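Trainee: The structure follows.
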Amino acid sequence: MKTCDHSRSSAWTLALAALTLLPFSPQAININKAGAGGETIFAEFEPVEGASRYVATYTGENNSAQEADPRLVRLYPGRVRVDIPGVNPGNYTMKIRALDAAGNVVDEASTDTLTPYPLSREGFAFSGGNIPGAYKPDGTLKDGAGVIYVSPETVNTVSFDIVKNAAGDKATFTGLTEILSAAGKGYHKDPLAIRITGCLADTLVRGLKEGIYLGLQGHDEGNRRLENVTIEGIGNDATLYGFGVHLKRAKNIELRNLGIMLQGDDAVSLEKDNNNIWIHNIDFFYGRPGTDADQVKGDGSIDIKARSTDITVDHNHFRDNGKVTGTWGSDSLASRTRVTYHHNWFDHTDSRCPRLLGATAHIYNNYYDGVAVYGIGATEGSSAFAEANYFRGCKRPMMISGQGTDTYDSKTKGHTRKGTFSGLAGGIIKAFGNHFEGQKPKLVYQTDSPAQFDAWLAGERNEQVPATALTIRGAHPYSNFDTAPGMYRYAPDAAADVPAKVTSRAGRLEGGDFHWAFDNASDDPSHDLNPALKQALLDYHPTPAKIQNGD
């Protein structure tokens, strides 16, 4: 399989060698573009003759100028880019200064006003007052947070001091996987931000779990879990190529601003004993084909298994993924998986958006954009509140196992024994404020059929589903979690506003460096693999970059 690891090729070597600060044609700093995203600002500019290095400072409202970490400056052929994460929402100006070898200013320039917006910290991941990852609610790094910069050149050589025992002693560990393994012993509790630049290929990273996962694994289920880690991409081109992320016995973890391509199994796998996990602004692509017939596009994008709970999945972009996300909880209310899905872009995906088994799920403000098989599927006593989502070109937006359109046969006016997507007991979906565009969906509410319904249609958000509304298979009721005391606060958008808001903010910064336009006419009804898209991923060649002060 082709990968983005071209370090063995002469072309790659020559490209990296060219990324030195040699003189270019004389000119002032020319800022080609500048902008902002979720709690981040960025600028791209042309190299300056005589410059030895670049310094970026940024000034916000009522704040003095702050200097960005020099490692946030990356050198590309013919351009330089700086991305600054961890910025409070507000209005900022970034100044770029080009310095010569003696530290003198060769030239400088400033951007127009940049306005980063706040990331949405809503959902079950933030229950109990937890803030997953290395950042505060205001978007800045937590006190005492460590920062590690990882690039294709440094992924196996970067070093960091990790607390290694209960006495608080530290030791230096080298390589990304060794650092995470050491932190997983459970003694290092300080926040840790791991900032990835460029494309990390599976053939390049030493120590991957089973050769296909970056492992985030704690020591036990008690106090020695892996905690307070953010894995984030810098800029619009940070990519994990050929591998995904695996979590086990982890707490307060954040994954953000990454592309995951052609991974060996699930893109993100939450095996067990994980809680307060925040997965957002990820670009999900095809995985490697599996052995089963339904794994031609890969096994799955996000797999949430039993004993993992309090999870938020938001502002992700799923492109033609097959089995998008399965949430496998328990039929026991005491141990049920709780997960929030909001503002995700299900872009011509097939199914499992999500599929729920023994789970409690709040599913709001998602954009279902040409989903070929089904959107939300509820089984085994799950309770799902589907609120203010936008369904376009979705034949089966919501399904309950064993009833409604899952079993209804329009030709015989009867019911088959096994459903079209599951033979398990059912779960209840409560629906409110959703919008449907395109073909008339196969969707039955209790107002049409008191027993054989796909979802319980609420007249208002806080309406409770009566205890008498039971699934045909399993006789499961709806838990009414969304109206219970202690339900988190959130501010849903109107369904009509969802497509514009989701498509502008889902996935990586600037939509990432890989773009693909689907043909609605042919791609809406198809759940086959798109050969052209798959080939484009195989041929993915990111522009090589070098961290300015990478060591």
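Trainee: Between residues in the stretch 270-285 that are more than 16 Å from G186 (Cβ to Cβ) and modelled with pLDDT of 95 or more and residues that are open to solvent by less than 10 Å² (accessible area, probe 1.4 Å) and aromatic (F, W, Y), which pairs lie under 7 Å by C-beta distance while being six or more apart or on different chains?
Mentor: Filtered contacts from the stretch 270-285: F284/F318.
Trainee: Residue check: is V339 buried (at least 24 other Cβ atoms within 10 Å of the Cβ), among the aliphatic types (A, V, I, L, M) and part of a loop (DSSP other than H, G, I, E, B)?
Mentor: So V339 fails the test.
Trainee: Return only the number of the condition from (1) buried (at least 24 other Cβ atoms within 10 Å of the Cβ); (2) assigned to a loop (DSSP other than H, G, I, E, B); (3) without any contact (Cβ under 8 Å) to a residue 40 or more places away in the chain that G290 does not satisfy.
Mentor: Result: G290 passes all but (1).
Trainee: Which residues, taken from the stretch 186-199, are part of a strand (DSSP E or B) and without any contact (Cβ under 8 Å) to a residue 60 or more places away in the chain?
Mentor: Those that are part of a strand (DSSP E or B) and without any contact (Cβ under 8 Å) to a residue 60 or more places away in the chain: L192, I194.
Trainee: Filter the stretch 95-134 down to the residues that are acidic (D, E) and not in a loop (DSSP other than H, G, I, E, B), then identify the one that is least open to solvent (accessible area, probe 1.4 Å).
Mentor: Selected residue: D107.
Trainee: Only residues that are open to solvent by less than 20 Å² (accessible area, probe 1.4 Å) and over 17 Å from the mean Cα position of the chain (by Cα): list them for the stretch 209-249, please.
Mentor: Selection gives G218, L226.
Trainee: On to the next question. Can you tell me which residue within the stretch 362-386, out of those that are in contact with a Phe, Trp or Tyr (Cβ under 7 Å, 6 or more places away or on another chain) and among the hydroxyl-bearing types (S, T, Y), is farthest from G459 (Cα to Cα)?
Mentor: Y374
Trainee: Pick from the stretch 301-316 the residues that are touching an Asp or Glu at 6+ places or on another chain (Cβ under 8 Å) and open to solvent by 10 Å² or more (accessible area, probe 1.4 Å): which of them is farthest from W345 (Cα to Cα)?
Mentor: Of everything passing the filter in the stretch 301-316, R307 is farthest from W345 (Cα to Cα).
Trainee: Suppose we keep only residues that are among the charged types (D, E, K, R) and part of a loop (DSSP other than H, G, I, E, B) within the stretch 344-361. Which one would you say is farthest from the chain's Cα centre (by Cα)?
Mentor: Of everything passing the filter in the stretch 344-361, D350 is farthest from the chain's Cα centre (by Cα).
Trainee: Do you know which residues across the stretch 71-94 are closer than 23 Å to A134 by Cβ and either in a loop (DSSP other than H, G, I, E, B) or open to solvent by 50 Å² or more (accessible area, probe 1.4 Å) (or both)?
Mentor: Correct list: R71, G86, V87, N88, P89, G90.
Trainee: Same structure again: It is to be established whether one or more residues within the stretch 169-191 are buried (at least 21 other Cβ atoms within 10 Å of the Cβ) and within 24 Å of G37 (Cα to Cα).
Mentor: Within the stretch 169-191, one or more residues are buried (at least 21 other Cβ atoms within 10 Å of the Cβ) and within 24 Å of G37 (Cα to Cα).
Trainee: Quick check: is even one residue across the stretch 436-447 of a type in the set (G, A, S) and at pLDDT 90 or above?
Mentor: The answer is no, given that none of the residues of the stretch 436-447 is of a type in the set (G, A, S) and at pLDDT 90 or above.
Trainee: Hey, any hits in the stretch 56-69 for a residue that's surrounded by 14 or more Cβ atoms within 10 Å (Cβ to Cβ), outside any strand (DSSP E or B) and not hydrophobic (A, V, I, L, M, F, W, C)?
Mentor: Within the stretch 56-69, one or more residues are surrounded by 14 or more Cβ atoms within 10 Å (Cβ to Cβ), outside any strand (DSSP E or B) and not hydrophobic (A, V, I, L, M, F, W, C).
Trainee: For the stretch 94-115, how many residues meet the condition of being of a type in the set (V, I, T), in contact with a Phe, Trp or Tyr (Cβ under 8 Å, 6 or more places away or on another chain) and within 15 Å of V80 (Cβ to Cβ)?
Mentor: Of the residues in that region, 1 qualify.
Trainee: Please work out if T291 is hydroxyl-bearing (S, T, Y) and out of contact with any strand residue (DSSP E or B) (no Cβ under 6 Å at 6 or more places or on another chain).
Mentor: So T291 passes the test.
Trainee: Within the stretch 374-484, which strands (runs of 3 or more DSSP E) (wholly inside it) include 1 or more residues that are open to solvent by less than 50 Å² (accessible area, probe 1.4 Å)?
Mentor: In the stretch 374-484, 376-379, 383-387, 390-392, 398-400, 428-432 are the strands (runs of 3 or more DSSP E) which contain 1 or more residues that are open to solvent by less than 50 Å² (accessible area, probe 1.4 Å).
Trainee: Out of everything in the stretch 119-162 that is under 27 Å from G242 (Cα atoms) and of a type in the set (V, I, T), what residue ends up being farthest from the chain's Cα centre (by Cα)?
Mentor: T157
Trainee: Would you check if Y135 is in contact (Cβ under 8 Å) with a residue 60 or more places away in the chain, within 20 Å of I234 (Cα to Cα), touching a helix residue (DSSP H, G or I) at 6+ places or on another chain (Cβ under 6 Å) and not charged (D, E, K, R)?
Mentor: No.
Trainee: Please go through the stretch 514-537 and give me each residue that is closer than 15 Å to F318 by Cα, touching a residue at least 60 places away in the same chain (Cβ under 8 Å) and part of a loop (DSSP other than H, G, I, E, B), ordered by number.
Mentor: Hits for the stretch 514-537 are F514, W516, F518, D524, H527, L529, N530.
Trainee: Please determine whether any residue of the stretch 501-513 is open to solvent by 70 Å² or more (accessible area, probe 1.4 Å), in contact (Cβ under 8 Å) with a residue 40 or more places away in the chain, closer than 19 Å to H362 by Cα and of a type in the set (A, V, I, L, M, F, W, C).
Mentor: no
The values are calculated or read from the model by the stated rules, or taken from the named source; none is laboratory data. Because the structure is predicted, anything quoted here is derived from the model rather than measured. Every residue, glycine among them, receives a Cβ derived from its backbone with ideal geometry; neighbour counts consider all protein chains shown. When the accessible area is computed, the model is the full protein with side chains, heavy atoms only, and any ligands, DNA or RNA have been set aside. Shrake-Rupley method; radii C 1.70, N 1.55, O 1.52, S 1.80 Å.
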